[in-house]
Amino acid sequence: MIHIVGAGPGDEKLITVRGRELLEAADVVIYAGSLVPKELLSRCRKDAEIYDSSRMTLDEVVSVMKRESDAGREVVRLHTGDPSIYGAIREQIAALFEDEIKGQQIGVVPGVSSFTAAAAALQAEYTLPGISQSVIITRMEGRTPVPERERLTELARHGASMAVFLSASMAGEVSRALISSGGYDADTPAAIVYAVTHRDEKIIRCTVGSLEDAALSAGISRTALILVGDFLKEGGVVEKSRLYAPDFSTGYRRGSERQVIRCISFTAGGGMIAKKLGDALGEEFEAVSFEKGMSLDDWTESAFKEAKALIFIGAAGIAVRAIAPHLKGKAVDPAVVVTDDRGENVIPILSGHIGGGNALAKRIAGILGARPVITTSTDINGVFAIDSWAAENSMRIINPDRIRAVSSKLIRGEKVYIRSYVNISGDPPENIVVLKGDLGEPEPDVVIGSVDVENDSALQIMAGGFIIGTGCRRGIKASVVREAFENFCRENSIPADRVAAIASIDIKRDEAALKGLADDLKVGFLTYGADELNDIKGFEGEFSTSDFVESVTGVDCVCERSAVKAAGAKRLLVKKTVLTG
């Protein structure tokens with residue numbers, strides 16, 4: 001049996017387990033002596049016959065493999081890297097076939113290629129969202145020609161990530177071909193990786209324009225890879241992969257973004273009502289008709305995780321049975337509304353206050369000319385609903401299990417006492433008493449604070465909006481800032497409509513992308529001088545500092561300090577998150 005084995009890029013430990021086992025058991029080993037490390041041969045049996053193919057012709061190599069295989073001996077042909085890339089194995093296999101060596105007598109074991117090892121050495125990733133989703137593996141034309149359509153100038157037009165083999169001695173020609181293609185400019189990042197994973201490995205970072213000088217200065221003319229592309233840019237975090245985004249569904253995980261209203265109907269009449277709702281609600285509305293073979297449980301499970309509200313057009317019993325397995329709690333469950341298939345009654349059956357079910361039912365009733373059937377006690381008794389009021393004012397209830405106690409007191413006609421650490425305007429509703437902080441006042445039933453408050457017996461509400469501090473690269477695109485902001489809010493469960501202001505340093509006051517974000521959100525864009533940001537007192541914790549940021553702006557952290565300054569806060573709810581630019 002003949003085994004063609006990839007030895008890996010150089011480090012003897014980077015051979016695969018399968019390759020090592022074959023090497024240890026081989027009777028005969030033919031290795032590429034110019035590149036395969038001799039340390040790897042220490043794994044061979046002492047009685048194994050070893051040949052160095054760097055001193056042999058193709059006919060000689062094939063002759064040894066055929067002779068030894070015919071004698072019933074195990075033969076390993078040990079190639080550097082992965083034999084499928086510039087491994088010259090096709091010609092060996094073809095020659096063996098000519099000598100009547102059957103395909104089943106030849107096995108190929110893949111190895112770690114030097115182009116993947118080089119990326120590992122650079123801590124780089126060839127395929128980055130928004131930068132490159134393709135890798136071109138090629139070489140310059142030298143003594144061995146390349147097809148006309150595969151000349152470097154042709155391939156480089158794509159501007160993709162590129163690994164150029166067997167061309168270190170022609171770094172100048174590589175540089176000129178890349179630039180003349182139009183796919184890269186002189187400032188595009190590049191790297192020369194010499195003898196990757198060997199003991200004398202060298203990494204030279206440079207640009208496409210400086211490739212020739214970098215190779216000459218380092219004395220590199222062989223055994224090196226040239227890597228090219230924006231994937232080599234250092235620092236910061238690029239656009240994140242969609243695979244792990246909270247709103248991205250896969251076969252193993254469903255996304256969590258709640259931006260749409262999902263609707264399901266069960267009859268032809270229901271389908272007509274769904275169309276009418278869709279015409280009125282537009283892009284925020286998605287509707288399906290239940291069909292034979294469809295799983296209502298799967299639809300409900302998906303909608304519960306991904307939608308802000310569910311509408312069932314049909315019998316309420318269908319909706320109740322469908323949502324029952326998925327209920328978690330009023331603070332997290334989406335609103336669920338049911339309407340009959342004649343469009344006469346609209347009933348919110350879940351999350352009427354916090355999730356906005358009651359408001360959605362009234363909205364749907366208005367579209368259909370139907371009757372909203374509201375069943376929550378506070379509404380039918382005409383008393384103040386503390387959870388609805390909090391939701392309408394973009395406040396967050398910390399302990400929703402205390403809502404019932406407050407609502408029950410109001411329904412019984414008893415007074416509810418509120419202690420608020422933020423200003424509340426207007427006259428309080430009937431039986432709501434806002435405490436003034438005087439001695440002898442009763443214990444509050446509700447505590448409203450600008451940060452989380454601790455009071456075990458009271459309903460706790462966090463008031464006020466979020467302040468988003470940010471720094472950015474000069475001239476950054478508005479779309480990049482907007483996407484980074486939305487990703488940040490999703491990952492930290494911050495509703496975009498709860499953001500009260502965007503804050504930054506004063507040298508960013510004219511940054512169009514940041515101003516545009518604030519305008520889109522209809523919030524203020526607050527900026528502060530470096531001295532103001534440096535002179536923050538009473539902060540509880542440490543800022544995420546950066547010497548580079550300080551050298552440019554005069555302050556060691558722009559985003560965190562500007563958020564704290566604008567909020568007048570003593571702590572951060574979320575520390576610095578690095579996103580695209």
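Its alpha carbons considered, the stretch 246-375 gives a radius of gyration followed by a Dmax of 13.6, 42 Å.
Taking amide H as placed 1.01 Å from N in the peptide plane, V346 has its amide H under 5 Å from the amide H of R371, V373, each at least 5 places away in sequence or on another chain.
Using 0.36 nm per residue of separation minus the Cα-Cα distance, give me the extension gain between R143 and R498 in nm, one decimal.
Working: separation 355, 0.36 × 355 = 127.80 nm, distance 6.53 nm.
Extra length from R143 to R498 when fully extended: 121.3 nm.
For the chain, the antiparallel share of DSSP beta bridges with both residues in that region comes to about 25%. Principal axis extents of the Cα atoms in the stretch 466-567, from largest to smallest and rounded to whole angstrom, are 30, 29, 21.
For a distance above 18 Å, tell me the whole-number percent of Cα pairs in the stretch 379-533 that qualify. Result: 65 percent of Cα pairs exceed 18 Å. What you get for the stretch 259-299, charging only the Cβ of Lys and Arg (+1) and of Asp and Glu (-1), is a dipole of about 200 debye around the Cα centre. Here the Karplus curve 6.51 cos²θ - 1.76 cosθ + 1.60, taken at θ = phi - 60°, turns the phi angles of the stretch 550-559 into couplings of 5, 5, 8, 10, x, 9, 6, 7, 7, 5 Hz, with x standing for Gly and Pro.
Close amide H partners of C263, meaning residues 5 or more places away or on another chain with modelled amide H under 5 Å apart, are E286, A287, V288, I311. Averaged over residues, the count of other Cβ atoms within 10 Å places the peptides 168-178, 289-299, 39-49, 521-531 in the sequence 168-178, 521-531, 39-49, 289-299, highest first. Only one residue of S217, I4, G516 has its Cα farthest out toward the positive end of the dipole of the chain, where Lys and Arg carry +1 and Asp and Glu -1 on Cβ, and that residue is G516.
Per residue, the average separation of C-alpha pairs within less than 8 Å and at least 6 apart gives the chain a relative contact order of 7 percent.
Post the alpha-carbon centroid distance, the stretch 301-353 to the stretch 97-172, in whole angstrom. Taking the Cα centre of each part, the stretch 301-353 and the stretch 97-172 sit 55 Å apart. Backbone geometry of the stretch 529-541 corresponds, through the Karplus equation with coefficients 6.51, -1.76 and 1.60 at θ = phi - 60°, to 3J(HN,Hα) couplings of x, 4, 4, 5, 6, 6, 9, 9, 10, x, 6, 9, x Hz, x marking Gly and Pro.
Backbone amide hydrogens, once placed in the peptide plane, bring A501 within less than 5 Å of I468, excluding anything fewer than 5 places away on its chain.
Ratio to report: Rg/Rh of the chain, with Cα atoms as the point set and Rh obtained by the Kirkwood method; give two decimals.
Values: Rg = 33.9 Å, Rh = 30.1 Å.
Radius of gyration over Kirkwood radius for the chain works out to 1.13.
Using the rule -39500 (n - 2.57) for each DSSP H run of four or more residues, divided by the residues of the chain, the 222 nm mean residue ellipticity is -8500 deg cm²/dmol. Taken along its three principal axes, the alpha carbon spread of the stretch 354-422 comes to 41, 27, 19 Å, from the longest extent down to the shortest. Remark: the stretch 468-563 carries a charge dipole of roughly 420 debye about the Cα centre, counting +1 on each Lys and Arg Cβ and -1 on each Asp and Glu Cβ. Normalising by residue count, the stretch 115-232 has a Cα convex hull of 90 Å³ per residue. Overall, the stretch 246-375 carries a charge dipole of about 300 debye about its Cα centre when +1 sits on the Cβ of Lys and Arg and -1 on the Cβ of Asp and Glu, all other atoms neutral. Here the Karplus relation 6.51 cos²θ - 1.76 cosθ + 1.60, evaluated at θ = phi - 60°, turns the backbone of the stretch 413-418 into coupling constants of x, 8, 7, 10, 9, 10 Hz, with x for every Gly and Pro. Modelled spin-label separation between K409 and E392, with each label point placed 7 Å from Cα along the Cα-to-Cβ direction: 2.0 nm. Dipole of the chain computed with +1 at Lys/Arg Cβ and -1 at Asp/Glu Cβ about the Cα centre; of I30, V406, L327, farthest Cα towards the positive end is V406.
Distance distribution note for the stretch 2-111: the fraction of Cα pairs above 20 angstrom is 30%.
In the stretch 466-567, how many lysine pairs have Cα atoms under 17 Å apart, counting only pairs 8 or more places apart or on different chains?
4
How would you order 333-346, 134-147, 212-225 from highest to lowest mean count of nearby Cβ atoms within 10 Å? Each step should come with its number before you reach the end.
Details: 333-346: 21.4, 134-147: 14.0, 212-225: 16.9.
Sorting 333-346, 134-147, 212-225 by mean packing, highest first, produces 333-346, 212-225, 134-147.
In this simple spin-label approximation, E483 and A88 carry label points 7 Å from Cα along the Cα→Cβ vector, and these lie 4.5 nm apart. Computed from the alpha carbon atoms alone, the convex hull of the stretch 154-209 holds 79 Å³ per residue.
Readers should treat all values here as calculations from the given coordinates under stated rules, not as data from a laboratory. The structure displayed is predicted, hence computed values, not measured ones. Ideal geometry is used to build each Cβ from the backbone, glycine not excepted, and the neighbour counts take in all protein chains shown.
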